[in-house]
Structures are given as C-alpha cells and as structure tokens.
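K.L.:
Before anything else, here's the structure in question.
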Amino acid sequence: MGLETIFVIGMFATFGALLFTGFPVAWVLGGTSVIWTVVGIVAVEQFGADLWFDWGSSLGLLPERLWGLVENITLVALPMFIFMGIMLDQSGVAERLMNNMVKLFGAVRGGYAITVIVLGVLLAATTGIIGASVVLLGMLSIPVMLKHGYSKALAVGTSCATGTLGILIPPSIMLVLMADRLARPEASVGDLFLGAFFPGLLLGAMYVAYVLVLGIVSPASAPLPEDRPKITPRVFWDVLVAVVPTAGLILAVLGSIFAGLATPTEASGVGAIGAMLLAAANRRLTWSVLKTSLAQTTRTTAFIFAIFLGATAFAVVLRGLGGDRVIEGALLGLPFPPEGILLTILLVVFLLGFFLDWVEITLIILPLVAPVIINLGFDLVWFTIMFAVCLQTSFLTPPVGFAIFYVKGICPPEINVTDIYKGVLPYILLQLLGLLIVFLFPSIVTWLPSVGFQ
C-alpha cells in the first residue's frame, strides 16, 4: 500500500470519525482539511514525500479557491430558487391545488394519494426545497388520508417520498451544485435540467402506478371515500384555474431556460419574482411572510455554502494527497467491465446516502468519480442524472433520512417511526427501479439535451 493510499484512507477515516462528534459538517470538513494539510507538510519536510504540499501552495490555494466559489455567477441561482420555493409555500398555491385536485382524483381508489403525487410533481417543478415540500404535503394530506381510512404507511410514505421529487425535477438546487462541481461544458446546468426532466416524470408515474396497483391488491389500504365526489365540467374548470398560475411559473422558469432565452441564473430571478406575484394574487404577500421567507432563504443558503466552503478545502487537500489518482486507479483496477464500474460507483453512493447528506456526497464524491466516467466513455449528463436519482434515496434511508425526520415532526401522534419506514420502503424500491430503467435506457436522459433547445 503506497503512501498516497494511506493518506487518502486516513483522511476519509478522520472525516468519518469526526462526524460522530456532533460538530456541524462544514466544520468537520474544514477541520479535517487543516489536520491533513499539516500531515502533508510534515511528510514532505521531514520524510521527503513526493507531494506538492508546502505552506504556500496548500493553504495558500484556499483563499483563491474560496473566492472563486463565492463570486461564481452560476451559484447565484441557489438563493433565488430557494426563495422561490419558500415563497410558494407561503402563497397558498398548494392548498388551492390540493382542494381542487382531490375533487378530480377522489373518485378513484387511492385517489387522495394520487392527488398528493400529482401535487408533489407540480411543486417539485417550482421548488427544490425538500424540507418545505415534505412538510407542506404532509400537513395537507396525511390527516385527510387517515380520516378516509388509508393505511398509516401509505399516507406517510406517499407524502414523504413525493416531497423528495423536488431534488431531481428541475429547477433543482442539487443539479445546480452538480453542474458547478463538474465545471464541464457538456454538463451545464441547462443540460442537467433537460436530462432530469423525463426521469423525474418517470418516478412520478411509477408512484401513481404503485398506488393504483396497491388499491387493487389491498383495497383496505386505499379505500374509496364514502362521499365520492362527482366529476363535472365545473370540477375540471376549478382544477384548470388552480393549475394555470403554477404552470405559468414553471413555463416562465424552465421554458426560458430550455428555449435559450435566459440562463438558469436569470431564470431563477424570474421564478423568485413570479412566486411573489402569486403570493400577492392570493393576498398572502405580507411583510411578515416576506420577512420569514427571506430569513429562511438566508439560513438555507448559508448552510449550503458553509458546507460548500468546507468541501472545497477538503477537495483541495485530498487532491494534494493524491486522492484523485488513488480513487481513479482503484476504480479502473476493478475486475469489472465499464458498466460494472459505473454500477459499483452508484452502489457506493447509495450506501453513503445512509450516513451522509446529499450536499457532502455531491461536493466530495462527484468530482472524484467524474474523470473515471469520462475515461470510460460514458455520457456525463446520463451518469450525473443517475447519480442524482441515487442520491434521492438518501432522503428516505435511515439513519439520516431527512425526509423521515421532517414528516415525523408533523405526523399525528398515532403514527410512529415504524409506520414511516414501512411507508417509504416501497418508494425506495421504486426509486431504485427507476434508476435501473434509466441505466438500461440512457435515451430517457440524453434525448432531450440532444434536441438542442438551448
């Protein structure tokens, strides 16, 4: 085992050990970087190790890297998309959509769960804030589904899993971060948005199919309501009136990006203004709502950027220790064909999702494995979207499945953690099935970017 391999294993082991101390992840990443910077310098000065480490080239690189991070124009889209999502949650759009769509789907077995899924897909196309989506969907739907006799597992599982679609369906803050970390013209934010469009809809369709099949196999889990609403032209009109404002905002944001009329950063500003206009139209745009939305946006953005800064320092030091060469050599040395190496990477990402947040995995792991994928000749957009689908499961897998924590906080007291785990398990399997479909049929991802809308 070479010195570089020992250093890389030691750095990851230090990071893993410090995570259990309870310190914030950003501090753990930064602290690990400082520790192993000192180790690298000592190795060079005292033992003559063949590393580029010295006080100037290692720690001296960090200010330049960090300044380049905070002045990155692409990342301006992050706070704008975050604000758009939070403002939409405050605008009353979701409640209006829920009340009208349930009249349309309520007559179908499992109709309330289907309503949640359709609503979740629409919300996902307007916000990438998982916590807000899960909490909002849960508060709107779980009491209603339990009242109509739905099983606890189906009620909480549907709300929990559907709320995570916002991390994949564009405009997704995760895809913005991925494009920035890849920093390659063939995997721009627009390309990733286009590539994620159909996989996101595929997952939504699979969720609906699951609920319909469950209603047939286990009618008691998704019963028909006793007061089944009648579907009339008035119901269709009410749904249309409720959907049009949200659809208009989606068209303004994604349509302007896909048509090449605006960059993702510019479109994020359009989305933020559009969300405020919807809130004003629903008479929800008060000073209190604006102040709350700005405060939540600031906290969320600061949280992401703090991890971003720590991960940047971690990546600089890891590369200085030869981490990229070690990982690339280890992956290319596996006794598998290229497809087997790709699946191994996705398996590792899936397992890391049990213990790490998607932000850390995106910022640390994606830049390390991307060169391997390129060397193997795979389409980078296709791989990145599979990477994103794989990360979506991290919100539902214990022990750090954040969507589970969010929904548990707003559940009625009769629902326990076991009910939530039972509810999300089928959706985790559906996400993995969706990942397999995307792997077997790459055109689901690659076709739309190849059309050349931009």
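The values are calculated or read from the model by the stated rules, or taken from the named source; none is laboratory data. Remember, it's a predicted structure, so these values are computed and weren't measured experimentally. So basically every Cβ, Gly included, is an ideal-geometry build from the backbone, and we count neighbours across all protein chains shown. Side chains included, ligands, DNA and RNA excluded: accessible areas come from the protein's heavy atoms. Shrake-Rupley method; radii C 1.70, N 1.55, O 1.52, S 1.80 Å.
K.L.:
Using Cα pairs closer than 8 Å and at least 6 residues apart in sequence, work out the relative contact order for the stretch 99-249, in percent.
P.N.:
The value is 35 percent.
K.L.:
A follow-up question, please. Restricting attention to the stretch 127-195, which trypsin sites (Lys or Arg not before Pro) occupy a DSSP loop and are surrounded by at most 15 other Cβ atoms within 10 Å?
P.N.:
Nothing satisfies the criteria.
K.L.:
Here's something else I'd like to know. For the chain, what is the largest minus smallest coordinate of the Cα atoms on each principal axis, given in angstrom and ordered from greatest to least?
P.N.:
Principal-axis extents of the Cα atoms in the chain, largest first: 80, 45, 45 Å.
K.L.:
Taking the Cα centre of the chain as the origin and placing charges on Cβ (Lys, Arg +1; Asp, Glu -1), which of Met98, Ala209, Thr5 is farthest toward the positive end of the dipole?
P.N.:
Going by the Cα projections, it comes out as Met98.
K.L.:
Spelling out what I want: for every residue of the stretch 254-260, take phi, set θ = phi - 60°, compute 6.51 cos²θ - 1.76 cosθ + 1.60 (Karplus), and round to whole Hz; glycine and proline get x.
P.N.:
6, x, 5, 6, 5, 7, x
K.L.:
Kirkwood Rh and Cα-based Rg: tell me the resulting Rg over Rh for the stretch 94-251, rounded to two decimals.
P.N.:
1.02
K.L.:
Taking H placed 1.01 Å from N in the peptide plane, check which residues at least 5 places from Ser221 or on another chain put their amide H under 5 Å from its amide H.
P.N.:
For Ser221, no residues qualify.
K.L.:
Have a look at Pro223, Leu278, Leu309 and report the one farthest towards the positive end of the charge dipole of the chain, computed about the Cα centre with Cβ charges (Lys/Arg +1, Asp/Glu -1).
P.N.:
Final value for the positive-end residue is Pro223.
K.L.:
Then there's this: From the convex hull of the Cα coordinates of the stretch 304-454, what is the mean projected area in square nanometres?
P.N.:
Answer in nm², one decimal: 11.4.
K.L.:
Something else: Return the FRET efficiency for the residue pair Leu433, Ile231: r is the Cβ-Cβ distance, R0 is 41 Å, and the value is rounded to the nearest 0.05.
P.N.:
The value I calculate is 0.85.
K.L.:
Also, quick follow-up: Any of Lys152/Lys408; Lys291/Lys408; Lys152/Lys230 with alpha carbons more than 23 Å apart? Name them for me.
P.N.:
Violating the 23 Å limit, Cα to Cα: Lys291/Lys408; Lys152/Lys230.
K.L.:
Could you work out the Kirkwood radius for the stretch 168-251, taking every pair of different alpha carbons, averaging 1/r and inverting it, reported in Å?
P.N.:
For the stretch 168-251, inverting the mean 1/r across all distinct Cα pairs yields 16.3 Å.
K.L.:
Okay, moving on. Which ³J(HN,Hα) values, rounded to whole Hz and listed in residue order, are derived for the stretch 430-444 from phi using the Karplus coefficients 6.51, -1.76 and 1.60 in 6.51 cos²θ - 1.76 cosθ + 1.60 with θ = phi - 60°, glycine and proline given as x?
P.N.:
Listing the rounded values in order: 5, 5, 5, 5, x, 4, 5, 4, 5, 5, 6, 10, x, 5, 4 Hz.
K.L.:
What Kirkwood radius, in Å to one decimal, follows from the Cα pairs of the stretch 272-384?
P.N.:
This gives a value of 17.1 Å.
K.L.:
Continuing with the same structure: With just the Cα atoms of the stretch 123-198, tell me how far they stretch along each of the three principal axes, in Å, largest first.
P.N.:
Extents along the principal axes: 51, 20, 17 Å.
K.L.:
Starting at the first residue of the stretch 276-283, write each ³J(HN,Hα) from the Karplus equation 6.51 cos²θ - 1.76 cosθ + 1.60 with θ = phi - 60°, in whole Hz, x for Gly and Pro.
P.N.:
These are the phi-based 3J(HN,Hα) values: 5, 5, 5, 5, 5, 5, 8, 6 Hz.
K.L.:
Can you tell me the convex hull volume per residue for the stretch 244-338, based on C-alpha atoms, in Å³ to the nearest whole number?
P.N.:
Normalising the Cα hull of the stretch 244-338 by residue number yields 174 Å³.
K.L.:
How large is Rg/Rh for the stretch 323-409, to two decimals, with Cα atoms and a Kirkwood Rh?
P.N.:
Ratio value, two decimals: 1.02.
K.L.:
Quick check: from the Cα gyration tensor, does the stretch 235-289 come out rounded (a/c under 1.5), prolate or oblate?
P.N.:
Judged from the Cα gyration tensor, the stretch 235-289 comes out oblate (a/c at least 1.5, b/c at or above a/b).
K.L.:
Kindly provide the helix-only [θ] at 222 nm of the chain, computed as the sum of -39,500 (n - 2.57) over DSSP H runs of four or more divided by all residues, to the nearest 500 deg cm²/dmol?
P.N.:
When only DSSP H runs of four or more count, the value is -24000 deg cm²/dmol.
K.L.:
Within the P(r) computed for the stretch 141-184, what percentage of the Cα pairs occupies the region above 13 Å?
P.N.:
When every Cα pair of the stretch 141-184 is considered, 61 percent fall beyond 13 Å.
K.L.:
Can you compute the charge dipole magnitude of the chain about its Cα centre, using +1 on each Lys and Arg Cβ and -1 on each Asp and Glu Cβ, nothing else charged? Give it in debye, rounded to the nearest 20.
P.N.:
1640
K.L.:
Whole number in Å², please: accessible area per residue of the chain, 1.4 Å probe, ligands, DNA and RNA not counted.
P.N.:
With all protein chains present, the chain gives 41 Å² per residue.
K.L.:
Ranked from the most accessible area to the least, with a 1.4 Å probe and all protein chains present, what is the order of Lys230, Lys408, Lys291?
P.N.:
Lys230, Lys291, Lys408
K.L.:
What ranking of Thr158, Thr344, Thr298 comes out by heavy-atom accessible area, probe 1.4 Å, highest first?
P.N.:
Thr298, Thr344, Thr158
K.L.:
Please return the longest stretch of the chain lacking exposed loop sites, where chymotrypsin sites (Phe, Trp or Tyr not before Pro) count only if DSSP places them in a loop and at most 16 other Cβ atoms lie within 10 Å.
P.N.:
The longest uninterrupted stretch comes out as 56-353.
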